[in-house]
Amino acid sequence: MSNFSARLSALFARKPLELLLEEAQGESRLKRVLGPVQLTALGLGAVIGAGIFVATGAAAHNIAGPSLMISYVVAGLTCIFAALCYAEFASMVPVVGSAYTYAYATLGELFAWIIGWDLVLEYGVASAAVATGWSAYFQSILSQLSLFISEKLPYEVDLSIPKIVSESPWRYDVELGQFVTTGSIINLPAVVIILVVTWFLIKGISESATFNAIMVCVKVAAVLFVIGVGAFFINTANWEPFAPYGWTGVSFFGHHVAGQQIGGAPVGMLAGAAIIFFAYIGFDAVSTYTEEAKNPKRDVPIGIIVSLVICTILYVLVSAVLTGMVKYNELDLNAPVSIAFTQAGLGWAEGIIATAGVAGITSVLLVMMLSGPRVFLAMARDGLVPKKVFGAVHPKFRTPWIATILIAVFVLSLAAFAPIDFLLHLTNIGTLLAFVIVCAAVLIMRVTHPHAERPFRCPGSPFVPIMGILMCLLLMFSLPVGNWWRLLGWLGVGFIIYFAYGYRHSILKQYRKG
């Protein structure tokens, strides 16, 4: 019995704060090169792009209608609660690892493993969804360029990607409720952009951040262009009915609770908030770069909160413009922003917006793929995954290069063959679970470590953390049941790996024995 108690205690052993602060020292430490402006730009790079340029069309068309603008408010408010909790932890524990590290310090090793393992999947699937959206916008540019060149020449020029390598082999037909073939065998543009971004990530965080900052400037200008120009072409009749699928859309493990369902999946304003929520995980990504921040106790909270507030405002405005310009059920699923201008009779703007969309989505992809390897790096330092593989830092570039390559292979496989609507549905539930853990961890740390240094304190505690927990749970229960099964399946694989390797090689386990 005592042996069983010892093993159970090891599963929930918490990592001491002093050990967290010491572990990043030495030759495996990452370079501190990021200031508040770069961190905010990384947050903007992760958030602006996927939600505006990719998710808006599918979410408005199939789930929320014009009420999607309220969905963004709900999702943004949920993120504000979670972001304030993240900011407190990021200022307390300025090391790599994000929610994984926070869970290790408060709830113990098993919870930390669950969060870390799930975050890697979420970043990977989100990256694949973003790469698929990038492919659609890139092909829109090629289409516009073909038309422009053909007008200048006496013969027609076609620069389009061959159909057989232009998209996923399958797409989901909502009316049929099943996957159908597209005639393609692989999404080649998505594969190419993943390879390019991977090279940038291996080269170095400083170079990646500079590249990202340029892309952020381009896409913010494009978003302001969409809002400023599109506002003059809004037809308020397109906002009627404002909530065609209802205001809720809540189910409990697949059992309908409130609102409507289509094809067994909940639809409505809350369901829309749950689907587009993945577009907000940029602020979460900022916390994974804590170890690379020059002054993490000050700069990381600034980067998290400022990027989140800016992005929420822009999301609401763009969704209002798009659903006002084009009827919600006529929005394109893959490149909704650029094609909406063509549908509204502003074809000249499609090429401009598609080009900015490519830039914007590229920076999103960069930040998403930047995050997963750093979570693995934190797990490798703790002995939960092989350090020689996932903890390997390039001797010249000082980046976790092997983990970056392995995650790139995973992302590439998904983006090459999975359709975007399928990927969008797979990204959110684990991220929401991570946010629940972080909000709960703030409450726990206030009790267990009341005198710990907190350069930034989450205001309104315990109200803010509790609201973060409740709103994240509400959105989790607004997702289709398939998300829950996917989460449980992935966690099942994770438990096998943990008990086969991580539990046996845990550095904390050895530390406690010593």
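For a quick check: with amide H placed at 1.01 Å from N, whose amide H comes under 5 Å from THR248's, ignoring anything fewer than 5 positions away on the same chain?
Close amide H contacts, sequence-distant or interchain: GLN260, MET269, LEU270.
Quick one: which residues, 5 or more positions from LEU34 or on another chain, have an amide H under 5 Å from its amide H? H modelled 1.01 Å from N in the peptide plane, none for Pro or chain starts.
ALA293, LYS294
Membrane-span-like helices in the chain: DSSP H runs reaching 18 Å or more (Cα, own axis), mean Kyte hydropathy at least 1.0?
Passing helices, by number: 68-92, 188-203, 205-230, 296-325, 348-381, 401-417, 428-448, 463-476, 481-497.
Classify the range 276-431 from the C-alpha gyration tensor, please: rounded if a/c falls under 1.5, else prolate or oblate depending on whether a/b exceeds b/c.
The shape class here is prolate.
Take the alpha-carbon centre of the range 470-488, take the same for the range 316-385, and report the distance between them in whole Å.
Cα centroid to Cα centroid, the span is 23 Å.
Which residues make up the longest stretch of the chain that has no GluC sites (Glu not before Pro) in a DSSP loop with at most 10 other Cβ atoms within 10 Å?
So the longest stretch without any such site is 176-452.
From Cα pairs below 8 angstrom and at least 6 apart in sequence, can you work out the relative contact order of the chain, rounded to a whole percent?
32 percent
For the chain, what does -39500 (n - 2.57) per DSSP helix run (n ≥ 4), summed and divided by total residues, give at 222 nm, in deg cm²/dmol to the nearest 500? Please report the intermediate quantities before stating the final value.
Working: 21 runs with 325 residues, N = 514.
Result for the chain: -21000 deg cm²/dmol, rounded to the nearest 500.
Under the classification rounded if a/c is under 1.5, otherwise prolate if a/b is larger than b/c and oblate if not, where does the chain fall, given a ≥ b ≥ c as square roots of the Cα gyration tensor eigenvalues?
Cα axes put the chain in the prolate bin.
So with the 1.4 Å probe, I'd like the accessible area per residue for the chain, rounded to whole Å².
In whole numbers, the chain has 37 Å² accessible per residue.
With a 1.4 Å probe and all protein chains left in place, how much of the accessible area of the chain comes from carbon and sulfur atoms, in whole percent?
That share works out to 69 percent.
Given the whole protein assembly as supplied and a 1.4 Å probe, what does the accessible area of ARG298 come to in Å², nearest 10?
Accessible area, nearest 10 Å²: 120 Å².
The values are calculated or read from the model by the stated rules, or taken from the named source; none is laboratory data. Predicted, not measured: the structure shown is a model, and the values here were computed from it. Note that each Cβ is placed from the backbone with ideal geometry, even for glycine, and that neighbours are counted across all protein chains shown. We work out accessible area using only protein heavy atoms, side chains counted, and drop any ligands, DNA or RNA first. Shrake-Rupley method; radii C 1.70, N 1.55, O 1.52, S 1.80 Å.
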